[in-house]
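Coordinate-derived values only; no laboratory data. Small disclaimer: the values here were computed from a predicted structure and weren't measured.
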């Protein structure tokens, strides 16, 4: 059962979130299609409880109490655990191994792993660290971090060969990262483990900054055979987890 007044409060918050400079009561009632009198009563109640604030031009904006609630919500959100159903669903869709990793200085740390029964066995395990420059997950951070952060990181890294296909030339790596940015995902083509192809995508948080990366890894020949399906499923899953973390485009 939906409580009408509670739904209307949520609609007010969602509307004002789109207008940082605020709206008048009339502007809100017009946009929401509500009587101005009932809109005013709801706005006044939310204002008195500091869930809304008012500017000198009599426009209402989101208030300080929402900042506190949002902060507490973020503190209580365990994205590693909460992302697991999405990652398991992705594994079932692509029938390959699925990972999630976070950034730690110039390395990625695996925090989730779902291994499909028929998929290739990888050496990666939860808690393991890998270089950013030769893994799909790591390159997702290099690709989608702010440019100056990428440059600072690359300035500190020595590009050592891990397999014969590891990219050890910085210019070649940066060219690949630029292409990856346009595609929206990154590729590790046997650069970290021979025979293994990995595709990775960024996961963003409410601040619109990359928080984690997720990937699909499997035998190169099979990954290429199902490339379009894997990429599509990967990107949709990354979007779902990002949305769960409060991200909106």
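Below are the figures for this structure:
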| read-out | value |
| --- | --- |
| Volume in Å³ per residue [convex hull over Cα atoms, computed for region 24-135] | 197 Å³ |
| Kirkwood hydrodynamic radius of region 154-218, from inverse mean 1/r over distinct Cα pairs, in Å | 13.1 Å |
| Contour minus Cα-Cα distance for residue 64 and residue 116 (0.36 nm per residue) | 14.1 nm |
| Relative contact order of region 7-160, defined on C-alpha pairs under 8 angstrom at six or more residues apart (%) | 13 percent |
| Of 41, 192, 92, the one that fluctuates the most in a GNM where the chain has Cα springs shorter than 10 Å | 41 |
| Hydrodynamic radius (Kirkwood) for region 207-249, which is based on Cα pairs only, to one decimal in Å | 11.6 Å |
| Distance from region 39-58 to region 176-249 (C-alpha centre basis), Å | 43 Å |
| The chain, helix-only ellipticity at 222 nm - DSSP H runs n ≥ 4, -39,500 (n - 2.57), divided by all residues, nearest 500 | -14500 deg cm²/dmol |
| Percent RCO, i.e. relative contact order, over region 77-244, from Cα pairs under 8 Å lying at least 6 residues apart | 23 percent |
| Highest-MSF residue in the chain out of 220, 58, 179 [GNM, Cα springs under 10 Å] | 58 |
| Read-out percent of Cα pairs over 28 Å apart, derived from the coordinates shown; its label in (1) 51; (2) 26; (3) 45 | (3) |
| Debye intensity ratio in log₁₀ form over the Cα atoms of region 4-75, taken at each q of 0.15, 0.22 Å⁻¹ | -0.45, -0.96 |
